[in-house]
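The values are calculated or read from the model by the stated rules, or taken from the named source; none is laboratory data. As the structure is a prediction and not an experimental result, all values here were calculated from the model. Areas reflect the complete protein model, heavy atoms only, side chains present, ligands, DNA and RNA absent. Shrake-Rupley method; radii C 1.70, N 1.55, O 1.52, S 1.80 Å.
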Amino acid sequence: MNKEENTYYKNSPKFGRKGPSKLRQQFNRGMTYFLVIVACILVYFAMLRVEAISNTLSKILSILKPVLYGCGIAYLLNPIVKSVDAYLVPVLEKHMKKEKAKKVSRSIGVIVALVVLITVVSTLINMLIPELITSIRNLIFTLPAQINQLVKEINNIQLDDSTTTAVLKNAMNEASASLQKWMRTDLLDKVNEVMTHLTVGLYTLIMEMFHAVIGVIVSVYILFGKETFINQSKKAAYAIFPAERANLLIHIAVKTNEIFGGFIIGKMIDSIIIGILCFIGTSILKMPYAMLVSVIVGVTNVIPFFGPYIGAIPSAVLIALADPMKGIYFLIFILLLQQFDGNILGPKILGNSTGLSAFWVIVSILLGGGLFGILGMLFGVPTFAVVYYIIKLLLDNQLEKKKLPTDSDCYNGDSYVDNDGTYFQKRDDGAETEEQKIEKNKEEKGE
């Protein structure tokens, strides 16, 4: 898709004005009735076999998981490949034919993208795994001593003989007795359950890594043949749908790619910067587990709005176990860092990539997280932005047909639409005349 075509599909599609003939309308109405009846029958039989259909779909998705990983990896690496093509193709075309220059540039671009991917993953593993092992080892050796010290400090507190003191002592004694009973009876079962979950989780992790490796291989083929896939999709759209609807679908696809690409890539860059700033800040403040905490904060920052809190709370607890005061300092530092991200860094990088207000962002995160968990929280915002754009596109089209303004600000308290369909905005002084109304009607209706 060249630049001129891409511009065409980015513009709002024009809906047709000329309707089909009466014979065609009757035929379409009959086909609609037939398809509705067939759809109802299919839905009825599908509801009788929901479990079987669900199991079949889950099995298909499990088999195709490497392909899904490949699509995701290719989508993330595509900006690197595009940048290499934009720079190398004009240079190589001076020394070889155009088609050969594109193939050579694409090969170099894919290699560069894979090198970047491997470098990033290797760096994260080399930074995170040793720090994680050290943190767990320190917790194992220091946590019992910290708990014993806390108990000693509580016992050394001089308390009076008031009713409140008696209640606190009883609560402490009951809590201590319950803890000892739990350790004697249920602890071993819990340890066995945790070890079972760890074994299953380790197997799942290995399988996911295996799927991810195959996904990297699949992504190479996708990056090499992405133009072919795009051309085939456009061909199918124009073959199945009328030109007007095909153009609408392609326009929505282009807009979806624009929203998702701008949001995901921008959010990743923003999270990397926040993770680096967090590491610098925690290192200057000499906080424990600086690398581990910075990675947690950076990764969870990918989730809009709630992400900073998801990462900050366990990180603060981890630091507080080593030094309670530094845990409080960390929370203050994260609060300042997130204010910087939300008011300065985030808007600079993301801009208005989704077109959603803060209210709809929160709604999309809650809805996506409630339905699909962490992935829903991550992709809920761009998905909702696409749905929001489609609804806005359809509403604006209906308003244009009625020759009414599409800007929401035009429908304030000082405006209205008459029964004859004429939009009217009051003057600043609140006065309005019948002559103004008639003149406005003529202008809008083209009389």
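Worth a mention:
- Probe 1.4 Å, protein heavy atoms only - accessible area per residue of the stretch 237-319 in square angstrom: 45 Å²
- Exposure of residue 49 as accessible area (Å², to 10), given a probe of 1.4 Å and all protein chains: 130 Å²
- Of all accessible heavy-atom area on the stretch 194-351, the percent that carbon and sulfur account for (1.4 Å): 77 percent
- Length available on full extension from residue 112 to residue 336: 0.36 nm per residue minus the Cα-Cα distance, which gives 77.0 nm.
- Under 20 Å, Cα to Cα: Lys pairs in the stretch 32-136, sequence gap 8 or more or different chains: 8
- When the surface is traced with a 1.4 Å probe over the full set of protein chains, residue 317 keeps roughly 80 Å² accessible.
- With DNA, RNA and ligands ignored, accessible area of residue 123 (1.4 Å probe; Å², nearest 10): 60 Å²
- Calculated Rg and Dmax of the stretch 240-393 using C-alpha coordinates, Å: 18.4, 67
- Average accessible area per residue (Å²) across the stretch 55-135 - probe 1.4 Å, nucleic acids and ligands excluded: 67 Å²
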